[in-house]
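Notes to accompany the following structure.
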Amino acid sequence: GAVVSQHPSRVICKSGTSVKIECRSLDFQATTMFWYRQFPKQSLMLMATSNEGSKATYEQGVEKDKFLINHASLTLSTLTVTSAHPEDSSFYICSARDLGTVDLYFGPGTRLTVT
Amino acid sequence: DQQVKQNSPSLSVQEGRISILNCDYTNSMFDYFLWYKKYPAEGPTFLISISSIKDKNEDGRFTVFLNKSAKHLSLHIVPSQPGDSAVYFCAGAWGAQKLVFGQGTRLTINP
């Protein structure tokens with residue numbers, strides 16, 4: 001089946017720094033990618049929808065200036081957490097929609113810890 | 001407003017028996033429902049889906065039932081196996097766009 005990768009899988013950063021997380025579709029093209037975050041024992045919360053070549057659409061309550069999303073190609077979307085704070089510590093997951101089949105595939109997630 | 005609810009945070013089932021995971025929703029616009037399985041520190045993996053125009057979809061040991069009038073769906077796993085122990089999320093989708101997830105139910109299969 002289709003594979004979506006995320007890099008890094010784990011990252012620890014200091015408060016105030018920025019962290020970039022990459023999401024790649026490895027064997028298919030994705031015009032649409034989604035970014036989620038999951039707090040412990042809670043649901044996956046959609047943060048934003050990333051569309052190739054255009055601006056991301058953010059869900060209500062998600063700061064677009066803090067969570068910068070770039071979808072520069074049909075196989076890559078990046079999420080940059082700017083000026084990270086401890087409360088940004090979470091598990092971030094991306095998903096990519098196969099352009100050909102419209103199926104949705106999830107990446108393995110990135111564990112962000114802000115100290 | 002929680003559009004998709006999984007009211008049971010956890011469920012324990014004996015190996016070989018049937019596991020039934022429940023999900024309720026409030027958004028009548030959902031035209032597709034999906035179940036995902038998630039292991040700790042991993043991304044969700046797709047299990048099974050059902051269109052809102054159907055009431056049942058079966059794939060091997062997994063069957064999803066949809067009751068539109070009650071806005072309720074359930075996932076049946078039979079027979080349950082130890083490898084089925086994971087967190088299960090149901091999700092609603094509309095217009096082939098974004099998914100709305102429930103809170104998840106942790107399923108534990110006991111030997």
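The values are calculated or read from the model by the stated rules, or taken from the named source; none is laboratory data. Note that this is a predicted model, so its numbers are computed, not measured. Every residue, glycine among them, receives a Cβ derived from its backbone with ideal geometry; neighbour counts consider all protein chains shown.
So which of A:Thr17, A:Thr82, A:Thr78, A:Thr32 is among the β-branched types (Val, Ile, Thr) and within 13 Å of another protein chain (Cβ to nearest Cβ)? So that I can check it myself, show each step before the final result.
Working: A:Thr17 fails: within 13 Å of another protein chain (Cβ to nearest Cβ); A:Thr82 fails: within 13 Å of another protein chain (Cβ to nearest Cβ); A:Thr78 fails: within 13 Å of another protein chain (Cβ to nearest Cβ).
Within the list A:Thr17, A:Thr82, A:Thr78, A:Thr32, the selection yields A:Thr32.
With A:Leu112, A:Leu79 as the choices, which residue is in contact with a helix residue (DSSP H, G or I) (Cβ under 9 Å, 6 or more places away or on another chain), in a strand (DSSP E or B) and surrounded by 19 or more Cβ atoms within 10 Å (Cβ to Cβ)? It would help to see each step written out before you state the result.
On the way: A:Leu79 fails: in contact with a helix residue (DSSP H, G or I) (Cβ under 9 Å, 6 or more places away or on another chain).
Within the list A:Leu112, A:Leu79, the selection yields A:Leu112.
Could you count how many residues in segment B:20-72 are at positive phi, exposed (fewer than 13 other Cβ atoms within 10 Å of the Cβ) and either modelled with pLDDT of 90 or more or not small (Gly, Ala, Ser) (or both)? Explain how you work it out, then say what you get.
Quick first cut of segment B:20-72, residues at positive phi only: B:41, B:60, B:71.
Still in the list and also exposed (fewer than 13 other Cβ atoms within 10 Å of the Cβ): B:41, B:60.
Next cut, either modelled with pLDDT of 90 or more or not small (Gly, Ala, Ser) (or both) only: B:60.
Number satisfying all stated conditions: 1.
The residues in segment B:43-96 that are among the aliphatic types (A, V, I, L, M), assigned to a strand (DSSP E or B) and closer than 20 Å to B:Tyr25 by Cα can be counted, and the count is 10. Residues in segment B:73-105 that are more than 21 Å from A:Leu104 (Cβ to Cβ) and either surrounded by fewer than 16 Cβ atoms within 10 Å (Cβ to Cβ) or aromatic (Phe, Trp, Tyr) (or both): B:Val78, B:Pro79, B:Gln81, B:Pro82, B:Gly83. Among the numbered conditions (1) at the interface with chain A (Cβ under 9 Å from one of its Cβ atoms); (2) closer than 16 Å to B:Asn22 by Cβ, the only one that B:His72 does not meet is (1). Among the residues of this structure, A:Gly109 counts as one that is on the phi > 0 side of the Ramachandran plot, in contact with an Asp or Glu (Cβ under 9 Å, 6 or more places away or on another chain) and within 14 Å of chain B (Cβ to nearest Cβ).
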